[in-house]
Every structure is written in C-alpha cells, then in structure tokens.
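A short worksheet on the structure shown next.
Values quoted throughout were computed directly from the atomic coordinates according to the rules given, and no laboratory measurement underlies them. Everything numeric here is computed off the predicted structure, so don't read it as measured data. Glycine also receives a Cβ, built like all others from the backbone with ideal geometry; neighbour counts cover every protein chain displayed.
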Amino acid sequence: MSDNNENYILFYDGDCGLCNRSIQFVLQNEKSNNISFCKLQSNYTEHFFSRHNQTLPDLTTFYFYNHKKIYKKSEAFFKVVPHLKWYYQPLLLFSILPKRFTDWIYDWIAKRRKKIGKDFCFMPTKETKERFIN
C-alpha cells in the first residue's frame, strides 16, 4: 500500500475482543468505506510507525492515521467519529473536555478491555476483507 492509499488507517489490538467489536462497529456505521484497518501485531504496523518516526505502538491503545498524522487514545476516537453516520456526530461534543480527562477515561476502559470484550474475534466479509492490511 502506498502513501497515496494511506489516508485513514485504524490500528487496533487484534487479540482484544473489545477492539475487534470496535472495528466491527466502525465497519457497520461508517458513512463511506474510506478507513483501512491494521492489527498492531503486524509487520506492516512496525514498518509504518518506523517510517513515520514513531515509537512502536502500545497494545493498550488504538491509533488512527489521518492524512500524515497519527492520533492515539481519545484523540484517535474523536478523529474517527466524523467518519461515522450522522447520528454519532453528537459524540464530538465530548471532544471539548480536556484531553487529560478523556484519555483517563480511555485508559480506564483499556485496562478492562479484555474483561469487557471477552473473546470476540471479528472475521471480515468478502466485501470488507480488502480494507484490512496484513
């Protein structure tokens, strides 16, 4: 995949049930099919972060790449919301809260993500499979 095709990438923990459910949610609620998805545990992720002068990602965090910038935690969440259907847009109101607070909420959930999500493995359909980067 070239940089021209790397407009929006959501990086997630492929071994986390809650993360897999989140990916399924995004796929079902996107306005358009312009987000690609990549597991944090992939060679592609390692090379991508290295190429963008970033430290290796933390598995308790999801990252969103949006036009040459990598966002993480709650900031990544707020960058994904505009890509969702109109009725999710009010979630952006929470972006006015201090990042320190929204990241604290994100970290609280992240610490419990394996218990919350249990064992859920998302399998992409034929239609969505091409949007997953190996």
Q: Would you mind checking the pairs 69/129; 39/73; 72/111; 69/114; 39/72 and listing those with alpha carbons more than 22 angstrom apart?
A: 69/129; 69/114
Q.
Full-extension gain between residue 68 and residue 32, please, as 0.36 nm times their residue separation minus the C-alpha to C-alpha distance.
A. 11.0 nm
Q: Please report, in whole Å, how far the alpha carbons of the chain spread along each principal axis, starting with the longest.
A: 35, 32, 30
Q) Add -39500 (n - 2.57) for each DSSP H run of 4 or more in the chain, then divide by its residues: what number comes out at 222 nm, to the nearest 500 deg cm²/dmol? A) -11000 deg cm²/dmol
Q: List the residues of region 61-79 whose backbone N lies under 11 Å from a point placed 7 Å from the Cα of residue 89 along the Cα-to-Cβ direction.
A: none
Q) For region 1-67, what does the alpha-carbon gyration tensor say about shape, rounded, prolate or oblate, given a ≥ b ≥ c as the root eigenvalues, a/c under 1.5 as rounded, and a/b over b/c as prolate? A) oblate
(Q) Compute a Gaussian network model of the chain, connecting alpha carbons closer than 10 Å, and tell me which residue from 109, 96, 35 fluctuates the most. (A) 96
